[in-house]
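The structure appears right after this line, and notes come after that.
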Amino acid sequence: MPANGPRASNPTNGNNDAAQDALRAAETEIRHLKGTIAALRESLESERYAREQAVQTAVAVANDEIVQLKATVSAMRDQVDSVRASKDDAVQTAVRTTADEVAQLKAAVQALRDQMDSVRHDADQRIQQFQREAHDEIKQLRATIQDLRDRLEDAQRSGVAMRAARSDPTRAAKLEHAPGT
């Protein structure tokens, strides 16, 4: 058979095909990882949005309760003023009753403030945890990307060496016996 006959007789074609297969596999893996990264970003954004919505909802509920309590306290103060104008005795009774109710309302307001502070604290903790997790995940993904880049560069270098070997068989023999290859 002639020296430049069919491809099957050339041993470098098998190596070239293997390198191309490895390159295709690396490219496929990179596409897959890019898809995974995009999906993780979407998931992270979705969770971040859900957390923000949960915090906003909790704050809105707490603010609504505070507004209602303020309205109740205001209405009770108006009631106390009108009772004071009509009768002193009734006013004293109403003041005692109102004082108890105000104390209860203050206790309720304080309890709601404490609860709101707890909700905010919990939300802040969750947000910080999500941010830490996201940071760790991003760091890991960056390391994976760098590893894939390194592999791709190695694969590309191997492909260049193989192409050089195909074009110059003498050089191919030197590359095969060169240290570090």
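Determine whether the range 80-99 contains at least one residue that is touching a residue at least 24 places away in the same chain (Cβ under 8 Å) and either closer than 30 Å to T28 by Cα or more than 29 Å from the chain's Cα centre (by Cα) (or both). Give the derivation first.
In the first step, residues of the range 80-99 are kept if they are touching a residue at least 24 places away in the same chain (Cβ under 8 Å); the result is none.
There is no residue in the range 80-99 that is touching a residue at least 24 places away in the same chain (Cβ under 8 Å) and either closer than 30 Å to T28 by Cα or more than 29 Å from the chain's Cα centre (by Cα) (or both).
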All conditions in (1) in contact with a helix residue (DSSP H, G or I) (Cβ under 6 Å, 6 or more places away or on another chain); (2) over 30 Å from D78 (Cβ atoms) are true of L112 except (2)
Taking the range 142-170 and keeping residues surrounded by 14 or more Cβ atoms within 10 Å (Cβ to Cβ) and among the charged types (D, E, K, R) leaves R151, R166
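A quick yes/no check of all residues on (1) under 29 Å from N15 (Cα atoms); (2) touching a strand residue (DSSP E or B) at 6+ places or on another chain (Cβ under 6 Å); (3) of a type in the set (D, E); (4) surrounded by 11 or more Cβ atoms within 10 Å (Cβ to Cβ):
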{"position": "V119", "(1), (2), (3), (4)": "no, no, no, yes"}
{"position": "F130", "(1), (2), (3), (4)": "no, no, no, yes"}
{"position": "D136", "(1), (2), (3), (4)": "no, no, yes, no"}
{"position": "Q140", "(1), (2), (3), (4)": "no, no, no, no"}
From the option list A123, A143, A54, A134, single residue qualifying as in contact (Cβ under 8 Å) with a residue 40 or more places away in the chain and either in contact with a His (Cβ under 7 Å, 6 or more places away or on another chain) or closer than 30 Å to T28 by Cα (or both) is A134
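Sort out which residues of the range 1-25 are within 16 Å of V160 (Cα to Cα) and either hydrophobic (A, V, I, L, M, F, W, C) or modelled with pLDDT under 60 (or both), and write them in order of number. Break it down stepwise before answering.
First pass over the range 1-25, keeping only residues within 16 Å of V160 (Cα to Cα): 12-24.
Of everything in the range 1-25, those that are within 16 Å of V160 (Cα to Cα) and either hydrophobic (A, V, I, L, M, F, W, C) or modelled with pLDDT under 60 (or both) turn out to be A18, A19, A22, L23.
Which residues, counting only those in the range 147-167, are within 21 Å of K34 (Cβ to Cβ) and either polar (S, T, N, Q) or touching a Pro at 6+ places or on another chain (Cβ under 6 Å) (or both)? Explain how you work it out, then say what you get.
Restricting attention to the range 147-167, the residues satisfying the condition of being within 21 Å of K34 (Cβ to Cβ) are 147-156.
Passing the criteria: only Q156.
The values are calculated or read from the model by the stated rules, or taken from the named source; none is laboratory data. Predicted, not measured: the structure shown is a model, and the values here were computed from it. Note: ideal-geometry Cβ built from the backbone for every residue, glycine included; neighbour counts use all protein chains shown.
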